[in-house]
Amino acid sequence: MSDSISISRAEAKASPFHPLVRPCDLGGLDALCSDTLALFCFRDVRPIKGVAGYIDWRIFGALSRTLQHGLFLGDLHETLLLPVGGRLGPRRLFVFGLGPALRCSEPAQAQAIERAAIVMRQAGAISFSLAAACTDDEGSAENDFVRAALSLQVPELVEILVERRA
């Protein structure tokens with residue numbers, strides 16, 4: 001995880017809202033502290049990367065199969081609710097599409113996160129964790145995602161999960 005993912009003291013003082021930003025690997029999925037998990041994926045990044053890849057492994061590749069069969073593409077505004085079958089702590093797993101990675105700016109990710117929060121609230125979520133979208137770009141997409149999430153006031157958001165980096 002790069003240092004740019006953490007927030008500065010000035011940013012922390014400017015906002016009363018502080019979700020936990022934490023690295024998450026396969027073992028870290030057991031420590032999720034929300035009732036709903038949202039992961040975000042790009043249309044053009046396959047196989048899925050980062051925390052989303054760990055989540056997919058935990059649910060026996062259900063997301064990968066959904067992508068392979070074209071039932072979910074990762075297009076902007078696309079939403080999918082997947083069963084977790086007790087394989088994760090959260091009761092619900094939402095997948096939100098972000099569209100092509102190169103066209104997904106930090107403001108676009110903030111809009112996607114706001115939309116995701118609305119969808120999860122409508123589904124009855126009390127608290128949620130977000131799994132940052134990831135590419136092969138040395139963490140830049142994750143950093144943008146974290147900054148976008150931290151720029152919003154989402155009281156139900158308890159944690160933002162990022163890939164554990166060596």
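Amide H contacts of Glu163: Cys24, Val51, each under 5 Å away and 5 or more positions distant or on a separate chain (H built 1.01 Å from N in the peptide plane; Pro and chain starts excluded).
With θ taken as phi - 60° and the Karplus curve 6.51 cos²θ - 1.76 cosθ + 1.60 applied, the whole-hertz 3J(HN,Hα) list for segment 29-44 is 5, 6, 9, 5, 10, 9, 8, 9, 10, 10, 10, 10, 9, 8, 5, 10 Hz, x standing for glycine and proline.
How big is the C-alpha Rg of the chain next to the rule-of-thumb value 2.2 N^0.38 Å, as a ratio? Working shown, then result.
Values: Rg = 14.4 Å, N = 166, 2.2 N^0.38 = 15.3 Å.
Compared with the compact-globule rule of thumb, the chain sits at 0.94.
Computed 3J(HN,Hα) for segment 63-77, one whole-Hz value per residue from the Karplus formula 6.51 cos²θ - 1.76 cosθ + 1.60 where θ = phi - 60°, is 5, 4, 5, 4, 5, 4, 7, x, 7, 9, 10, x, 5, 4, 6, glycine and proline marked x.
Think of the chain as a dipole: +1 on every Lys or Arg Cβ, -1 on every Asp or Glu Cβ, centred on the Cα centre; then among Ser64, Ile126, Ala101, Ile126 lies furthest on the positive end. Our estimate of slack between Glu78 and Glu106, defined as 0.36 nm per intervening residue step minus the Cα-Cα distance, is 8.3 nm. Residues Thr135, Thr36, ranked from the fewest to the most other C-beta atoms within 10 Å, line up as Thr135, Thr36.
Using +1 on the beta carbon of Lys and Arg, -1 on that of Asp and Glu, and nothing else charged, what's the dipole of segment 16-163 about the Cα centre, debye to 20?
Numbers: 13 positive and 17 negative charges, 97 e Å.
Here segment 16-163 has a charge dipole of around 460 debye.
Which length gain, in nm to one decimal place, applies between Ile126 and Asp30 when the Cα-Cα distance is subtracted from 0.36 nm times their residue separation?
32.7 nm
The GluC sites (Glu not before Pro) of segment 99-166 that DSSP puts in a loop, and whose beta carbon has at most 11 other beta carbons within 10 Å, are Glu138.
With a 10 Å Cβ neighbour count serving as the proxy for reagent exposure, in which order, fewest first, do Ser129, Ser105, Ser140 appear?
Numbers: Ser129 27, Ser105 11, Ser140 14.
The order, fewest Cβ neighbours first, is Ser105, Ser140, Ser129.
Antiparallel as a % of all DSSP beta bridges within segment 14-166, to the nearest 5? Percent antiparallel among DSSP bridges in segment 14-166 is about 15.
Full extension of the chain between Asp44 and Leu20 yields a length gain of 5.8 nm, computed as 0.36 nm times the residue separation minus the alpha carbon distance.
Values quoted throughout were computed directly from the atomic coordinates according to the rules given, and no laboratory measurement underlies them. Everything numeric in this text was worked out from a predicted model, so none of it was measured. Virtual Cβ from ideal backbone geometry, glycine too; neighbours counted across all protein chains shown.
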